[in-house]
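Report on the following structure.
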Amino acid sequence: MENTNLIRFLPAKKRPWNKGRLTGQKPPLQPKHVWAIRTRLQLANKIRDLALFNMAIDSKLRGCDVVSLRTEEIAPSGQCIDRAIIRQRKTGGPVRFEITEQTRQSVQAYLRARKHQQSSYLFPSRDNTDAHLSTRQYARLVSSWIASIGLDATLFGTHSLRRTKATLIYRRTGNIRAVQLLLGHTKIESTVRYLGVEVDDALALSEQIDV
């Protein structure tokens, strides 16, 4: 009887958080995917989403850093600057990034559209302007952008945006040190793992060099 009672009151086995989900590194977007998403957002007149998407691609920041960007860091005098520097939440270290012309234009259009909304954050929460857009909401937006162009949203994530430009830079230049600086990694080994650099990649680069 005692054994029966013990079995009856044992806590239920907790379901693993990742059961049924695809985990691991999310792949970067291809250039054609980036342009397809931009076109969709432009046609839908989603001014904030376009500015957020472009900023995420250019900055190569983690999701927590993208959503917590402050207006003064990007447009200190009301005009979007072409280079910015922020302190990363994960490492505490500074990282610099470029803001391309098309991103500056989308951010300026967004700032004009929200001129009556006062917030120190570039992408404030729509429920509370004293808070920034949550990382969960950002992830939902990314999923909706991915799905809008016919891709499987479960295969991609916010890190896909962070990896997109970094991966292209590496593939075109082979300069891992440059990518390390752009991503704000403290160790180059982290960059190697992040890019998924394999021996075949190194050999392909080596084959392009004649001595």
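The values are calculated or read from the model by the stated rules, or taken from the named source; none is laboratory data. Because the structure is predicted, anything quoted here is derived from the model rather than measured. Note that each Cβ is placed from the backbone with ideal geometry, even for glycine, and that neighbours are counted across all protein chains shown.
Here is how the numbers come out for the structure above:
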| item | result |
| --- | --- |
| Some residue of the stretch 62-71 being under 18 Å from residue 160 (Cβ atoms), of a type in the set (Gly, Ala, Ser) and under 15 Å from the mean Cα position of the chain (by Cα) | yes |
| Some residue of the stretch 117-134 being among the charged types (D, E, K, R), without any contact (Cβ under 8 Å) to a residue 24 or more places away in the chain and either outside any loop (DSSP other than H, G, I, E, B) or under 21 Å from residue 39 (Cβ atoms) (or both) | no |
| Among the residues listed as 169, 146, 176, the single one being hydrophobic (A, V, I, L, M, F, W, C) and farther than 20 Å from residue 195 by Cα | 146 |
| Residue among 101, 73 that alone is modelled with pLDDT of 95 or more, touching a Leu at 6+ places or on another chain (Cβ under 9 Å) and of a type in the set (Asp, Glu) | 73 |
| Flag for residue 178 being surrounded by 10 or more Cβ atoms within 10 Å (Cβ to Cβ), out of contact with any Cys (no Cβ under 9 Å at 6 or more places or on another chain), modelled with pLDDT under 75 and in a helix (DSSP H, G or I) | no |
| Qualifying residue in the stretch 102-112 (condition: over 14 Å from residue 55 (Cα atoms), surrounded by 16 or more Cβ atoms within 10 Å (Cβ to Cβ) and not hydrophobic (A, V, I, L, M, F, W, C)) | no |
| Residue that is surrounded by fewer than 14 Cβ atoms within 10 Å (Cβ to Cβ), of a type outside the set (Gly, Ala, Ser) and at pLDDT below 90, where the choices are 140, 126 | 126 |
| Condition check for residue 112: without any contact (Cβ under 8 Å) to a residue 24 or more places away in the chain, in a helix (DSSP H, G or I) and either in contact with a Cys (Cβ under 9 Å, 6 or more places away or on another chain) or under 21 Å from residue 80 (Cα atoms) (or both) | yes |
| Search result, residues across the stretch 69-81 that are surrounded by fewer than 20 Cβ atoms within 10 Å (Cβ to Cβ) and either small (Gly, Ala, Ser) or touching a helix residue (DSSP H, G or I) at 6+ places or on another chain (Cβ under 8 Å) (or both) | 71, 75, 77, 78, 79, 81 |
| All positions within the stretch 39-93 that are in a helix (DSSP H, G or I), polar (S, T, N, Q) and farther than 19 Å from residue 139 by Cβ | 39, 42, 71 |
| Single unsatisfied condition, residue 168 versus (1) closer than 19 Å to residue 67 by Cβ; (2) part of a helix (DSSP H, G or I); (3) under 15 Å from the mean Cα position of the chain (by Cα) | (1) |
| The stretch 94-105: number of residues that are over 17 Å from residue 62 (Cα atoms) and not in a loop (DSSP other than H, G, I, E, B) | 5 |
| Residue 151 under 17 Å from residue 34 (Cβ atoms), surrounded by 14 or more Cβ atoms within 10 Å (Cβ to Cβ) and of a type in the set (A, V, I, L, M, F, W, C) | yes |
| Pair list, Cβ under 9 Å, 6 or more apart: the stretch 140-164 residue touching a residue at least 24 places away in the same chain (Cβ under 8 Å), other residue in a helix (DSSP H, G or I) and among the acidic types (Asp, Glu) | 141/49; 145/49 |
